[in-house]
1. For the stretch 345-361, indicate whether the set of residues that are part of a helix (DSSP H, G or I), more than 30 Å from residue 278 (Cβ to Cβ) and either free of Cβ contacts under 8 Å to residues at least 40 places away in the same chain or within 19 Å of the chain's Cα centre (by Cα) (or both) is non-empty.
2. Just to check your reading of the model, which residue among 92, 129, 46, 81 is surrounded by fewer than 23 Cβ atoms within 10 Å (Cβ to Cβ) and closer than 30 Å to residue 244 by Cβ?
3. Would you pick out the residues in the stretch 333-348 that are under 14 Å from residue 96 (Cβ atoms) and surrounded by fewer than 24 Cβ atoms within 10 Å (Cβ to Cβ)?
4. Checking residue 384 against (1) farther than 30 Å from residue 104 by Cβ; (2) within 18 Å of the chain's Cα centre (by Cα); (3) crowded, with 23+ Cβ neighbours inside 10 Å; (4) modelled with pLDDT under 85, which test does it fail?
5. Take the residues in the stretch 184-205 that are more than 24 Å from residue 241 (Cα to Cα) and assigned to a helix (DSSP H, G or I); name whichever of them is modelled with the lowest pLDDT.
6. For the stretch 78-147, give me every one of the helices (runs of 4 or more DSSP H) that falls completely inside it and has 1 or more residues that are within 18 Å of the chain's Cα centre (by Cα).
7. Among residues belonging to the stretch 169-183 that are part of a helix (DSSP H, G or I) and in contact (Cβ under 8 Å) with a residue 60 or more places away in the chain, point out the one that is surrounded by the fewest Cβ atoms within 10 Å (Cβ to Cβ).
8. Which one is surrounded by the fewest Cβ atoms within 10 Å (Cβ to Cβ), of the residues in the stretch 283-293 that are free of Cβ contacts under 8 Å to residues at least 60 places away in the same chain and in contact with a helix residue (DSSP H, G or I) (Cβ under 8 Å, 6 or more places away or on another chain)?
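The values are calculated or read from the model by the stated rules, or taken from the named source; none is laboratory data. None of these values were measured; they are calculated from a predicted model. Every residue, glycine as well, gets a Cβ built from its backbone with ideal geometry; the counts of neighbours run over all protein chains shown.
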């Protein structure tokens, strides 16, 4: 019987996957579409080959035909083997600060979570905000904006916020698909994701590519141009949720405030007094933020700051990090990120980026409102097809070249594009909102509604607030 069971398992594993086969066929068909364009002076053989290889990899990512890091691992080798780039060009992403920023950030996130400091911050912020319905949402806003500066990982913030939000919903006996449950879960997700325009993969990849085109910003300059706007945008999201998803559940009525307050008091007491390890983590983080804020003086890049900060956790006298924190590094994500950046590097080497840039140039013109709207819209459309990291790598260079061609500030284009990339409608578009949806707190219909609200608010905010602000700074 045991042998029969094993045989059944083997047959089941080797069963022909019709859907996957169809996806491969579609991917290969789309891969050859660049051959429909005739080669000429501007559209060279190298550009066509680059498009074919890149499109295949993008389709593999879009259809999830294999683990995302697998094609990213061989992509530089394929580019080199086909003569599209030199090893120096293809592997240049590994020589930037990006991989080290993510490695450092992952270690810091692990230490932050393991010591309990991350959870303490969230519970404390909600408790200080009163533990009411409004206080819960404001708590996520406050902690999200603090953590976005010191933890450059939306995944780390998401894995903290979602279980916390779900725990609150369960403890307060909120019904699934109720306005209150949807609002709490959505707020936790928004505040984990939205501040990615401060220090995170998408914008850091974009600005890393921008530096190769002589577009340089210090951390403080970036915060002035986009950081402040991101803080306001996050607040707008929470305000909109409070307006459209009013907390009318019985537990949130004034006479029951003592119950919600009591719950967070108990959660806070479970944390105990702040211990020595938590104080050491805070000490290192304060120094890191200070260095980031004074980058215009010493010119130390953000990536090196995070790597050095992670190292400092292992120093004698501090010694709050463990070997398990190093083992927690998600190498697949780093390989995926550098592989995605390789697309941008090789597009520059082959001239493919300049080719796309010339096409985009025809659209990136007009007044400030039109330029920002189109940049945002490009991000929204591309996000249907690519992961945000791949999208940032693939189009940042062409967008910057188009901006320079039209005499527009490249940073305005990058920032508008980044906010567009953040927008989704369906859970499948991005794994982190999909994680939120997997908790089963809201239906697909409600998910689409609240993310459409977020999308509408983002473009209104860009046009009504950001455009005048960037105009005051002389960027438009």
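1. Our first condition is that a residue be part of a helix (DSSP H, G or I); within the stretch 345-361, this holds for 345-350, 352-361.
Checking which are more than 30 Å from residue 278 (Cβ to Cβ) leaves us with 345-350, 352-361.
Subset that is either free of Cβ contacts under 8 Å to residues at least 40 places away in the same chain or within 19 Å of the chain's Cα centre (by Cα) (or both): 359.
Yes: the stretch 345-361 contains one or more residues that are part of a helix (DSSP H, G or I), more than 30 Å from residue 278 (Cβ to Cβ) and either free of Cβ contacts under 8 Å to residues at least 40 places away in the same chain or within 19 Å of the chain's Cα centre (by Cα) (or both).
2. Details: 92 fails: closer than 30 Å to residue 244 by Cβ; 46 fails: closer than 30 Å to residue 244 by Cβ; 81 fails: closer than 30 Å to residue 244 by Cβ.
Matching residue, one of 92, 129, 46, 81: 129.
3. Selection gives 334, 348.
4. It fails just one condition, (3).
5. Pass one, the stretch 184-205, residues more than 24 Å from residue 241 (Cα to Cα): 199-205.
With the extra rule that they be assigned to a helix (DSSP H, G or I), the set shrinks to 201-205.
Values: 201: 58, 202: 67, 203: 69, 204: 68, 205: 71.
Among those residues, the one meeting the criterion is 201.
6. On the way: elements: 87-90, 98-114, 117-128.
In the stretch 78-147, 98-114 are the helices (runs of 4 or more DSSP H) which contain 1 or more residues that are within 18 Å of the chain's Cα centre (by Cα).
7. So the residue we want is 171.
8. Looking only at the stretch 283-293, we keep the residues that are free of Cβ contacts under 8 Å to residues at least 60 places away in the same chain, and these are 283-284, 286-287, 290-291.
Subsequent filtering for residues that are in contact with a helix residue (DSSP H, G or I) (Cβ under 8 Å, 6 or more places away or on another chain) retains 284, 287, 291.
On the way: 284: 22, 287: 14, 291: 18.
For the stretch 283-293, the residue satisfying everything is 287.
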